[in-house]
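See below for the structure under consideration.
Just so you know, all these numbers are worked out from the coordinates, no wet-lab data involved. Computed from a predicted model, the values in this text were never measured in an experiment. Every residue, glycine as well, gets a Cβ built from its backbone with ideal geometry; the counts of neighbours run over all protein chains shown.
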Amino acid sequence: MAGRNFLFVPGPTNVPDRILRAMSVASEDHRSPDFPALTRACLDGLKPIFKTVTGHPILFPSSGTGCWEAALTNCLDPGAKVLIARFGQFSHLWADMCRRLGFEVELIETAWGEGAPVDKYLAALESDRSHSIKAVLVCQNETATGVRSDVAAIRRAMDSVKHPALLMVDSVSALASVDFRMDEWGVDVCISGSQKGLMLPAGLGITCISRRALETAKHTSSRRCYFDFADMIQANTAGYFPYTPSMQMMCALRESLTMLAEEGLENVFRRHSYLAGGARAPGMQGW
């Protein structure tokens, strides 16, 4: 019998047997009167993970990259200016997407292996007297290098100069693994995915949108259809989706959220920190 293929990578991560069993269910009618119970269990259960009371979780049948595109095209007008630091492969790819979608990118070049440079974000925001920067983008954890950035400090920098830009955070390899506080840190859009801290297979783009970002999205003119926030929010209000959802993945997400609640989110963070400390301890590198 073949053994288990353990993954020792940032993600996709190993999927617990309990979640695999939760996925092993027959398909059902996603327009039935029973389906909203699953939708609400997932969306309501995500709020404590994002640490939000007022934010709106959204599930796209995509990777986190789809949530990047959704954030940009819903919340920004064509040609809008964004500020982003490039300090790893995924911050590089997000900046590249911005350019390919026609947005103006002010890029803070940063050595790979360092985190988002708060002082350089502050300098760029201070010099932007006309508030031409419409969104500040930051990766909370740069998956390629494993370096975490201080999102709260980025928010403090924005507030210190009273800059009105939206704060968008990539938390793909951080959410449910290290602390994230959407409301406290004033995050407008958080982007994540299913295949890392949430312990699921790849395939769900998981994002959370502030009220401010949703209001902004009502007045932007960038084109979108599949990734439209308004369509998703309207359908989710009744417990449904504007197109066919990934029901088995949602069953897996419901089980994942149950497991995280059982262990306690703060205990999960401590476990990750403890194991990371062991891996980084002197003498362990290259072991």
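Data for the structure
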{"item": "Percentage of interatomic Cα-Cα distances in the chain larger than 29 Å", "result": "33 percent"}
{"item": "Restraint check, 81/162; 81/120; 162/196, Cα-Cα greater than 25 Å", "result": "162/196"}
{"item": "Computed [θ] at 222 nm, deg cm²/dmol, the chain (DSSP H ≥ 4; -39,500 (n - 2.57); rounded to nearest 500)", "result": "-12500 deg cm²/dmol"}
{"item": "Coarse-grained scattering of the range 1-136 at q = 0.11, 0.17, 0.19, 0.21 Å⁻¹, given as base-10 log I(q)/I(0) from a Debye sum over alpha-carbon atoms", "result": "-0.65, -1.14, -1.25, -1.34"}
{"item": "Sites matching trypsin sites (Lys or Arg not before Pro) across the range 69-150 that sit in DSSP coil, with at most 11 neighbouring C-beta atoms within 10 Å", "result": "129"}
{"item": "In sequence order, calculated HN-Hα J values of the range 87-104 (Karplus, 6.51, -1.76, 1.60; Hz; x Gly/Pro)", "result": "9, x, 5, 7, 5, 4, 5, 5, 4, 4, 4, 4, 5, 5, 8, x, 8, 7"}
{"item": "Spherically averaged projected area in nm², based on the convex hull that wraps the Cα atoms of the range 215-260", "result": "4.4 nm²"}
{"item": "Alpha carbon centroid spacing (whole Å) that separates the range 207-223 from the range 153-204", "result": "16 Å"}
{"item": "Rounded, prolate or oblate (a/c below 1.5 giving rounded, otherwise prolate when a/b exceeds b/c) for the range 141-287 by Cα gyration tensor", "result": "oblate"}
